[in-house]
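A.B. asks: Structure provided below as structure tokens; questions to follow.
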Amino acid sequence: MSSPLMLRLLSASVVAANRAGRVIREVLKSGELSVVDKGGNDPQTEADRKAQRCILSTLSTRFPEINLHGEETLEPSEEDQQLTEMGESGDVLKEACPQIYDGLRERDFIVWVDPLDGTSEFTQGFIEHVTVLIGIAVGGKAVAGVIHQPFVSAPDNTMGRTIWGLVGLGVRGANLITNPPTAGTLRVVVTRSHYTEAVEKTVKAINPTEYLKEGGCGNKVLMVLEGTAEAYIFPSRGTKRWDTCAGDGIVRAAGGVFTDIHGNDILYDCAKDKAANRTGLLVTMDTELHKNIISKIPQSVKDEFEN
Ligand code: AMP
Ligand code: MG
Ligand code: MG
């Protein structure tokens, strides 16, 4: 009998993310990034375009009725078929699917794809900040995700590392935190390339023991997931649903908290032109810490990022 749709979709997402990672490495090696400025510190390269073609053509060929949103706006191309990945992930398909996903049909899923997160960093040579993001939502909620790091080694020393998670099953491929951080430690990770006054004001009010500036939403989520930071905060309208859905699904699968700066869940059943996360982001693995940080965010910042 074939696997449940949830696992088949996750399996296809894992192989598509891995292939997209290979495509991104090839484009970088070719030296032909062909950068297009989408406006306002928001570049797009040939790697973003090709990686999106790979993921969207893979998922739409295999699951024609799922709702699929990719960051880049692209016309269909002859390349699409060549970039379609028909393999499976044995690591996903060997798992038992939680029963909560029984009976779902393709049209019940919304998938948000960021083919290359951290493009500014990619063009500037900070390649280890780059991730490929595929987020899966059901009923508006993020339930699963894949984050692939094209320029970080896998445990078997091959290039490219993939982390995936499913709510009800857990997370695979990550070095999850096993011990809580030393009492009093609070490392907060923030944006490297979209720093604003609101970010500055918020970090000051939280008064962390350390604050780290890193590129990419996927990269910062992984830092919190794996315990190199206790919190990721971004009081800004800059991220979109494709930046957050994968990390949201994975953090939830690991028992963490992924919300806006008011503590509200992010809903993923919106149209692509309404994809901005207008009320900011706050990600922690610890519920108490999450509440504590929300209580410290200045009211003026909360007011600025109201719905
Ligand atoms: P960052 O944390 O600055 O690396 O941003 C994480 C993701 O959100 C990346 O995909 C950025 O391109 C996007 N992003 C954040 N802020 C903005 C902004 N002001 N304008 C456009 N994209 C942004
Ligand atoms: Mg992005
Ligand atoms: Mg992107």
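A.B. asks: Could you give the nm distance between label points at Glu79 and Arg237, where each point is 7 Å from its Cα heading toward the beta carbon?
C.D. replies: The two pseudo-label positions are separated by 3.2 nm.
A.B. asks: Over all distinct Cα pairs, what is the inverse of the mean 1/r for the chain, reported as the Kirkwood hydrodynamic radius in Å?
C.D. replies: 19.3 Å
A.B. asks: Could you calculate the FRET efficiency of Asp156 with Asp37 from 1/(1 + (r/R0)^6), where r is the beta carbon distance between them and R0 is 51 Å, rounded to 0.05?
C.D. replies: Step by step, r from the Cβ atoms, then E = 0.85.
A.B. asks: Specify the residue with the greatest mean-square fluctuation among Arg53, Arg161, Arg192, computed from a Gaussian network of the chain linking alpha-carbon atoms under 10 Å apart.
C.D. replies: Of Arg53, Arg161, Arg192, the Gaussian network model singles out Arg192 as fluctuating most.
A.B. asks: Would you kindly calculate the mean projected area, averaged across all directions, of the convex hull enclosing the Cα atoms of region 40-122, in square nanometres?
C.D. replies: Over all viewing directions, region 40-122 projects a mean Cα-hull area of 7.3 nm².
A.B. asks: What number, in nm² with one decimal, is the all-direction average of the projected area of the convex hull of the alpha-carbon atoms of region 60-201?
C.D. replies: 12.7 nm²
A.B. asks: Another one. Using the Cβ atoms and a cut-off under 12 Å, what net charge is assigned to the surroundings of Val190, where Lys and Arg are +1 and Asp and Glu are -1?
C.D. replies: +3
A.B. asks: Now a separate question. Given the pairs Lys50/Lys201; Lys204/Lys291; Lys50/Lys302, which are separated by over 28 angstrom at their Cα positions?
C.D. replies: Among Lys50/Lys201; Lys204/Lys291; Lys50/Lys302, the Cα-Cα distance tops 28 Å for Lys50/Lys201; Lys50/Lys302.
A.B. asks: Would you list the membrane-span-like helices of the chain, meaning whole DSSP H runs whose alpha-carbon atoms span at least 30 Å along their axis and whose mean Kyte-Doolittle value is at least 0.5?
C.D. replies: Passing helices, by number: 5-30.
A.B. asks: Tabulate in residue order the Karplus-calculated ³J(HN,Hα) for region 109-125, using 6.51 cos²θ - 1.76 cosθ + 1.60 with θ = phi - 60°, rounded to whole Hz; enter x for Gly and Pro.
C.D. replies: For region 109-125, the Karplus-derived couplings read 9, 10, 10, 10, 10, 10, x, 8, 9, x, 5, 4, 5, 4, 6, 9, x Hz, x marking Gly and Pro.
A.B. asks: Sticking with this one: Could you give the size of the charge dipole of the chain about its Cα centre, using +1 on the Cβ of each K and R and -1 on the Cβ of each D and E, expressed in debye and rounded to the nearest 20?
C.D. replies: It works out to roughly 420 debye.
A.B. asks: Given 0.36 nm per residue, what is the gain on full extension from Ala271 to Arg22 after removing their alpha carbon distance, in nm?
C.D. replies: 86.7 nm
A.B. asks: Oh, and also: Round to a whole angstrom and tell me the spacing of the C-alpha centers of region 1-36 and region 43-97.
C.D. replies: One Cα centre to the other: 7 Å.
A.B. asks: Right, next: Using Cα centres only, tell me the gap between region 129-205 and region 216-237 in whole Å.
C.D. replies: 6 Å
A.B. asks: Sort Ile110, Ile294 so that the residue with the fewest other Cβ atoms within 10 Å of its own Cβ comes first and the one with the most comes last.
C.D. replies: Listed from fewest to most nearby Cβ atoms, that is Ile294, Ile110.
A short reminder: the numbers here are calculations on the coordinates, not readings from a lab. Keep in mind that what you see is a predicted model, and the values were worked out from it rather than measured. Note that we place each Cβ from the backbone using ideal geometry, even for glycine, and neighbour counts take in every protein chain shown.
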